[in-house]
Amino acid sequence: MAGMTDGTSLPKAIPFELSEADLEALATKDEDFVPHNWEDLKEVIARGDMSLLKRSPTDLRNYIRWRAEIQTKFGSVTNFILRNKLHWASHANNHQNRGYYGNKAPLTNSADFRILRNDWPYGMSSGILHLLVWSKTPIPVNGDGDPTPESRRLILQFIERTFGAEMNTRDQPRDNILWFKNRKRWQSVQALEHIHIMLRNADEGFITRLTGQYPEDLECSMYSSAAIITA
């Protein structure tokens, strides 16, 4: 767990809707928290109820405080991510600027997406990495909020193209990549299109080359409630 604060006080106004799993985590001591293992993640993703995913108690408290502070300083988490993480123009995923991306098929043009480590990953067993793929191009979903068959096809092609060769050299080569796209209600950043990727026993050098980030670059590793980045 990467939390650096004491995990006691929280903002009066929680900056996002808490799930039942969040409420359970807040009522749990760190030493009693049970992280998600690989089989657990597979089951949750298969059920399609991502509200079951949880962070450790300390990380969740820090995430709540961080979100509140970021919203105060930047106006929104979206603004912070666009400016400080993706370095995209503010209209990158704005519905008024559909011509901004290069290809209307998502995840097919490298200029239209970026892969980053998740700054606030869920509480998971050692060896599981959590990445986010941010897309300028909308990813079509059905009425339930799940990717359409064509979106799934493009996502799976992207995953194979990006991770397949590397992950096939690792342990459990046919069972070391998971992905999902959150339904809107549980998306932390609704204004920016993204999907989640989980990798089991991935090579850290490969992830660093892919993302340009080291584990210590994550917001959860650097966070202190006394200092929020303003650059």
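The values are calculated or read from the model by the stated rules, or taken from the named source; none is laboratory data. What you are looking at is a predicted structure, and each value in this text was computed from that prediction instead of being measured. Ideal geometry is used to build each Cβ from the backbone, glycine not excepted, and the neighbour counts take in all protein chains shown.
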For this session: Hand me the list of helices (runs of 4 or more DSSP H) wholly inside the range 128-231 holding 1 or more residues that are surrounded by fewer than 16 Cβ atoms within 10 Å (Cβ to Cβ) and modelled with pLDDT under 95.
Result: 219-222
For this session: Report, ordered by the first and then the second residue, all pairs with beta carbons closer than 7 Å, sequence separation of six or more or different chains, a first member in the range 9-26 that is modelled with pLDDT of 90 or more, and a second member that is among the β-branched types (Val, Ile, Thr).
Result: Leu10/Ile64; Pro11/Ile64; Ile14/Ile64; Pro15/Ile64
Seminar exercise, completed: Scanning the range 50-87 residue by residue, those within 21 Å of Val133 (Cα to Cα), outside any helix (DSSP H, G or I) and out of contact with any helix residue (DSSP H, G or I) (no Cβ under 9 Å at 6 or more places or on another chain) turn out to be His87
For this session: Please go through the range 40-87 and pick out each residue that is β-branched (Val, Ile, Thr) and either in contact (Cβ under 8 Å) with a residue 40 or more places away in the chain or in contact with a His (Cβ under 6 Å, 6 or more places away or on another chain) (or both).
Result: Ile45, Thr58, Ile64, Ile70, Val77, Thr78, Ile81
Problem set entry | Members of the range 149-194 that are among the aliphatic types (A, V, I, L, M) and in contact (Cβ under 8 Å) with a residue 40 or more places away in the chain | Leu154, Ile155, Leu178, Val189, Ala191, Leu192
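Residues checked against (1) more than 18 Å from the chain's Cα centre (by Cα); (2) buried (at least 17 other Cβ atoms within 10 Å of the Cβ); (3) of a type outside the set (A, V, I, L, M):
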| site | (1), (2), (3) |
| --- | --- |
| Ala27 | yes, no, no |
| Phe33 | yes, yes, yes |
| Val44 | no, yes, no |
| Leu53 | no, yes, no |
| Arg83 | no, no, yes |
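When the range 128-143 is examined, which residues are found to be farther than 25 Å from Ile64 by Cα and touching a residue at least 40 places away in the same chain (Cβ under 8 Å)?
Result: Lys136, Thr137, Pro138, Ile139, Val141.
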For this session: Please identify the pairs in which a residue from the range 104-122 that is on the phi > 0 side of the Ramachandran plot and at pLDDT 95 or above has its Cβ atom under 8 Å from the Cβ atom of a residue that is of a type in the set (S, T, N, Q) and in a helix (DSSP H, G or I), counting only partners at least 6 apart or on another chain.
Result: Leu107/Gln157
